Amino acid sequence: MTRHAAPVIDLPYTKRTLANGLDVVVHEDHHVPIVAVNLWYHVGSKNERPGRTGFAHLFEHLMFEGSAHHDSGYFAPLQAAGGQLNGSTNADRTNYWEVVPTNAVDLALWMESDRMAYLLPALTRERFETQRDVVLNERRQNYENRPYGLAMMAVVAALFPPDHPYHWMTIGSADDIRAMEFEDVREFFRTYYHPANASLVLAGDIATGLGFELAERYFGDIPAGVRPAPVRAAAALAEERRLVLEDRVELPRLYFGWLTAAMFEPGDAELDLAADLLANGKTARLYQTLVYERRVALDVSAAQQSREMAGFFVLAVTAAPGASLTELAAAVDEEIRRLEADGPTTAEMERAEAQAEAQFVYHLQTVGGFGGKSDQLNAYNVLRGDPGYFSRDLDRYRLATRESVRDAARRYLSLDRRVVLSAVPRGRASDALPGSVPVAVS
Amino acid sequence: MAREPVDRSGLPALGPPPAFTFPGIQRHVLPNGLQVRTVEHTSVPVVTFVLLVEGGSGADPATQEGLASLVADMVDEGTGNLTAIEVSDALARIGGDYDVDTGSDAFSFALTTLVRFADRGAGLLAGLLTRPSLRESDFTRVRQLRLDRLRQMKDVAPALAERAFLRLLYGRHPYGHTALGSEEGLRAISLDDVAAFHAVLFRPARSVLMAVGGLRHEELLEVASRAFGGWTEAAGAAAPPEPASALKAELTERRIALVHREAAAQSELRIGHLATWRRTPDYPSLLVMNAVLGGQFTSRLNLKLREEKAYTYGARSGFDWKRGLSPFALATSVHTASTAAAVADAAAEIEAIRGSRPVTGSELAHAKAALTRGYPSGFETAAHVARAVSQLALYDLPDTYFSNFVPTVNGVTSEDVTRVAAQYLDPGRLTALVVGDASVVAESLHALSFGEPLQLPVQM
């Protein structure tokens, strides 16, 4: 049988910047006759202000409704070409993508460039109002009508002060969405939707030279805008804040939140590893103690949420029937103390490295869509200024040590500077941790 | 650089369609009766195994709904000397991505790993599926977690709708419950039942292994043989039950049912009826018909309910394909105040495509193009290919299926679409289900042409 060495994990690319400031990155992969078009605008809910939350995401919806030279929905012609398309908004960026058969790459670029250059003439008050209602329905479906759906809103609101743009979630508040003005759309578009605030990646069955030629042809004439100043804000917690949220749930759940390292900062990858070893999968410490052995929890999960300006670490554990949140909190604190004292074991680090390597390889399997190669190249380009950051990103995980994970836990996962939210069934506020203050989220 | 201005008087034309060669499938049978299908897929050094085992939730005994899915959950709780935690550790050390699906007609166990771990991965998968430990303490814990999960699902509107709708459509037929089962069914299961069910259903001659990835056919076969070649049938195991697909399901009349959810922000809707099975020769026409009606963003239902009326974040329809009689259904979640209007609009769209507003030429062209032109993108990863091939195994379709798909769909005419809509969609048999706030919506549902709303309790 063929012998296989450890794979070379690489994501090659070529980058150029057009005269108007648009970054263009091309990556060739000819295995399947498809091309991924992936366009990032460096704008997200962090660019909103209190009272106007949810605007960046609503705007993303409007980008699919038509542009001056194609004054109707964007799905029809691209789907008819055999393409798939979508977009998403988070705190830091908004992305739009198409995955099209090789023969439809002109179509995708024509359409992306038309809405970058000529969205406003097609944008009517009626389209705006329809999409505002669609977004309100999205919010009802994914947050209000879903168990624990409002808990994270309460956690981030407590972690970040009211004037910090991570204080609200990207979906925004329902009142703000209802109060949005059609007139605000124009200024938002002019400020954020232009070549100097955007990055285009073409990945897949396309020659590098042709990729740049097409990018120049479709986007080269769009006037450069002014690159918006970066948003700056700071957050700090001075103490533990205990909150209780009554929700339509059967079983209580505890959420722990900490302010942590920003994306790609020292400690960010280590906290990602710490999340896995504490809570994710059956090998995780808290899964073993709480779910497997003591059977006092139904599930446990954790994640380092990496963002541009700051990160936050969230750990959640759902009580099994009859278990108290107080005993769960004590067990979580004990594991965090143990991690801060001894760090991970050698075996845990070996496992984490194997998983990280495999995950990076798996991420090379698709050219397009959310998390595909084109989206990764754009993430590295927009957030690091370096599309070639892929291998250094992997190195962050390869080079992490028992000591560096321990030190990141010590630095960030402090037991007395955090948010602890008890999400409890309605009418059962007494199930919350002692001293919890009621919060209302709607 | 001099540049010709872009012609924005119309969308650019498409170039000639790119050629694509579908992956070659090789079929093998091991001496123990296990079928193996291998596909070379070399873009990334990854390999995916999918073991398809006949059975699934349709094989659940009537008094033990949830047994199949519980068995599928139990197999990775230990094999040989390995405990559940050690199994999980072994999977993590090869970067393994392990996934279980309990379908109506079959189980599907998938493992993706790096090519250099192909033998370890296949060996581990074989250990779990053919020699699971099935220990009492693991059983007690896993069953309890499932009971607790059921309890949590009382708060999840789509889950409530799914459960109630299957029961409405199928009654007591084995397809009439979700894989997770019911509280009563789970409580009636013992570890002996789990072991017996495993022994009866998990047999090499009732299984097909897909091995897809960055190795040659003969290497993939060798890996499969080393791992699964020693799998033998349990001695003296009972004969497998008659498959659910062979049992008759009764059709139902037009009606509307309501599951009350106090102060629900939205109403979860399901509208549909039992229609036909996956192997119907009308499958391509039904695919095109549904693409026009509700299968994609630009379909009639989504354009009406989302883009025109703004009742919802999205609406989709489709067939939940099975070997036996399968349902057609619309699924959406709408603002509470729009519930009755959404039901009426959706039912009107289902009615219209049967003839009063037949598919137009441009809708037909659009639907066929959307289904065919992007078809190769479904074969990008080893896991995509393995899953596609396992569908051929599940429905006994020929290996030429992929290469025939595009010409077959392109051969569908507007007459075909209208004929299958009239034949398989039956407004007289539509069941509408609303999971929402009865105190707000019940009154308005009376005015619809679905009769008196049937009030259903939340049942787990």
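The values are calculated or read from the model by the stated rules, or taken from the named source; none is laboratory data. Here the structure is a predicted model, which is why all the values come from computation and not from measurement. Heads up, the Cβs are rebuilt from the backbone with ideal geometry, glycines too, and the neighbour counts pull from every protein chain shown.
Below is a table of values for the structure above.
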| read-out | value |
| --- | --- |
| Residue tally, condition within 30 Å of A:F188 (Cα to Cα), touching a Phe, Trp or Tyr at 6+ places or on another chain (Cβ under 9 Å) and of a type in the set (D, E, K, R), over the stretch A:209-263 | 0 |
| Residue within the stretch B:226-235 that is part of a strand (DSSP E or B) and in the same structural domain as B:V39 (by TED's automatic domain parsing) present | no |
| Residue match in the stretch B:337-359 (condition: of a type outside the set (D, E), within 13 Å of chain A (Cβ to nearest Cβ) and buried (at least 24 other Cβ atoms within 10 Å of the Cβ)) | yes |
| Residues being closer than 17 Å to B:F22 by Cβ, part of a helix (DSSP H, G or I) and more than 14 Å from chain A (Cβ to nearest Cβ) - total across the stretch B:366-422 | 10 |
| Number of the condition not met by B:E380 [criteria: (1) touching a strand residue (DSSP E or B) at 6+ places or on another chain (Cβ under 8 Å); (2) farther than 24 Å from B:A275 by Cα; (3) surrounded by fewer than 21 Cβ atoms within 10 Å (Cβ to Cβ)] | (3) |
| Residue among B:V53, B:V71 that alone is in a strand (DSSP E or B) and modelled with pLDDT of 95 or more | B:V53 |
| Out of A:I171, A:I206, sole residue that is touching a Phe, Trp or Tyr at 6+ places or on another chain (Cβ under 9 Å) and touching a residue at least 40 places away in the same chain (Cβ under 8 Å) | A:I171 |
| Filtered residues of the stretch B:94-135 (kept if crowded, with 19+ Cβ neighbours inside 10 Å, part of a helix (DSSP H, G or I), in contact with a helix residue (DSSP H, G or I) (Cβ under 9 Å, 6 or more places away or on another chain) and at the interface with another protein chain (Cβ under 9 Å from one of its Cβ atoms)) | B:F117, B:A118 |
| Odd one out for B:P12, checked against (1) in the same structural domain as B:R187 (by TED's automatic domain parsing); (2) in contact with a helix residue (DSSP H, G or I) (Cβ under 6 Å, 6 or more places away or on another chain); (3) in a loop (DSSP other than H, G, I, E, B) | (1) |
| B:K309 basic (K, R) and closer than 20 Å to A:G82 by Cβ | no |
| Wholly within the stretch A:346-422, helices (runs of 4 or more DSSP H) carrying at least 1 residues that are outside the structural domain of A:G311 (by TED's automatic domain parsing) and crowded, with 22+ Cβ neighbours inside 10 Å | none |
| Count - residues of the stretch A:353-387 that are among the acidic types (D, E) and within 8 Å of chain B (Cβ to nearest Cβ) | 1 |
| Residue within the stretch A:97-109 that is touching a strand residue (DSSP E or B) at 6+ places or on another chain (Cβ under 8 Å), part of a helix (DSSP H, G or I), charged (D, E, K, R) and more than 9 Å from chain B (Cβ to nearest Cβ) present | no |
| Selected residue [within 17 Å of the chain's Cα centre (by Cα) and surrounded by fewer than 21 Cβ atoms within 10 Å (Cβ to Cβ)] from B:L330, B:L303, B:L274, B:L325 | B:L325 |
| Output for the stretch A:24-65, where each listed residue is part of a strand (DSSP E or B) and either among the basic types (K, R) or farther than 14 Å from A:A207 by Cα (or both) | A:N38, A:L39, A:W40, A:Y41 |
| The one condition in (1) under 21 Å from B:T418 (Cα atoms); (2) away from every other protein chain (no Cβ under 12 Å); (3) touching a residue at least 40 places away in the same chain (Cβ under 8 Å) that B:T298 fails to fulfil | (2) |
| Where a residue in the stretch B:63-81 is closer than 14 Å to B:V100 by Cβ and its partner, wherever it lies, is of a type in the set (D, E, K, R), with Cβ under 6 Å and at least six apart | B:A68/B:D60; B:E77/B:D138 |
